[in-house]
Amino acid sequence: QGLTSREARRRTEIVLEQVGLADRASDPVEALSRGMRQRLHIARALTSSPRLLLLDEPSTGLDPQAARDLRSLVRSLVDDGAAILLTTHDMREAEQLADRVAVIDHGHMVAHGGVPEIARSAGVTSVVSWQVPADSAAPTGALESIPGVRAVVTSERNGITTVDVLLSGAPGSVALVRAAAGPATLTGPAERPATLEEAYLALLEPVAA
């Protein structure tokens with residue numbers, strides 16, 4: 001890293017403390033967990049106080065606790081003034097960490113900006129969501145026929161079906177979707193912004209004719 005031995009020792013102590021590994025400084029790398037090794041890689045990159053840090057899918061293969069610790073570390077590095085370029089396939093991770101997102105498809109950047117900008121690029125202005133009992137069929141066909149409905153996504157968990165209707169901003173579409181939801185809803189229908197994952201999937205899927 002171009003440091004003198006004295007500078008390297010001093011920086012080693014600082015960066016190991018920064019990534020939460022100061023108490024493991026004497027341990028062989030082979031004794032560290034995968035999450036700790038990921039933090040060690042970041043510590044190595046930090047020894048020369050870089051202005052820009054490149055992280056290539058740093059949480060891949062980590063258990064949930066280790067991934068959470070790594071995200072906390074990334075946030076603390078940003079708070080300390082580091083600029084970070086991070087690649088990830090985890091949309092929730094990108095949404096939690098990134099100030100700006102660039103979506104790459106087959107080597108080409110197809111959208112960039114904050115989550116609202118990504119959603120607008122995908123033609124999604126908002127999402128109307130509600131929940132119904134799993135034995136209550138969602139009116140998917142009726143919803144898809146409403147002008148301005150970009151997509152209808154349903155998911156079931158613990159006996160409850162969640163219905164998410166992605167809208168493209170057609171006048172009156174929110175009211176029509178609310179009416180089509182029917183009286184059997186457990187929660188909602190409520191309008192909310194699209195998540196990055198919803199915007200990403202809409203961006204890469206063709207609009208139905």
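The values are calculated or read from the model by the stated rules, or taken from the named source; none is laboratory data. No experiment lies behind these values; they were computed from the predicted model shown. Here the Cβ is made from the backbone with ideal geometry for all residues, glycine too, and neighbour counts use every protein chain on show. The protein model used for the area step is the full one, side chains on, heavy atoms only, and it has no ligands, DNA or RNA in it. Shrake-Rupley method; radii C 1.70, N 1.55, O 1.52, S 1.80 Å.
Rounded to the nearest 0.05, the FRET efficiency derived from the C-beta distance between D27 and D99 at R0 = 30 Å is 0.30.
Could you calculate the contour length gain from L186 to R68, that is, 0.36 nm times the residue separation minus the distance between their Cα atoms, to one decimal place in nm?
Details: separation 118, 0.36 × 118 = 42.48 nm, distance 3.14 nm.
Taking 0.36 nm per residue and subtracting the Cα distance, the gain is 39.3 nm.
Accessible area per residue was computed with a 1.4 Å probe on protein heavy atoms; H108 scores about 120 Å². Approximating the spin labels as points 7 Å out from Cα along Cα→Cβ, the E7-to-R157 distance works out to 4.9 nm.
For the stretch 122-174, give the percent of accessible area contributed by carbon and sulfur heavy atoms, probe 1.4 Å, rounded to a whole number.
Working: 1240 of 2440 Å².
Summing carbon and sulfur atoms, their accessible area is 51 percent of the total for the stretch 122-174.
Labels on offer are (1) 123; (2) 136; (3) 157, and the one holding volume of the Cα convex hull per residue in Å³ computed from this structure is (3).
Accessible area per residue of the stretch 69-209 at 1.4 Å probe, in Å²? Mind dumping the intermediate values first?
Details: 7980 Å² over 141 residues.
On a per-residue basis, 57 Å².
Multiplying the residue separation of S76 and S136 by 0.36 nm and subtracting their alpha-carbon distance yields 17.1 nm. The stretch 132-209 has equivalent-ellipsoid semi-axes of 20, 15, 12 Å, by the square roots of 5 times the alpha carbon gyration tensor eigenvalues, sorted largest first. Between M109 and D90, the modelled label-to-label distance comes to 2.4 nm, taking each label 7 Å out from Cα in the direction of the beta carbon. If you line up the long axis of helix 34-46 against the longest principal axis of the chain, both from Cα atoms, how many degrees apart are they, to the nearest 10? Between helix and principal axis, roughly 70 degrees. Electrostatic bookkeeping for E57 treats Lys and Arg as +1 and Asp and Glu as -1; over the other residues with beta carbon under 10 Å from its beta carbon, the sum is -3.
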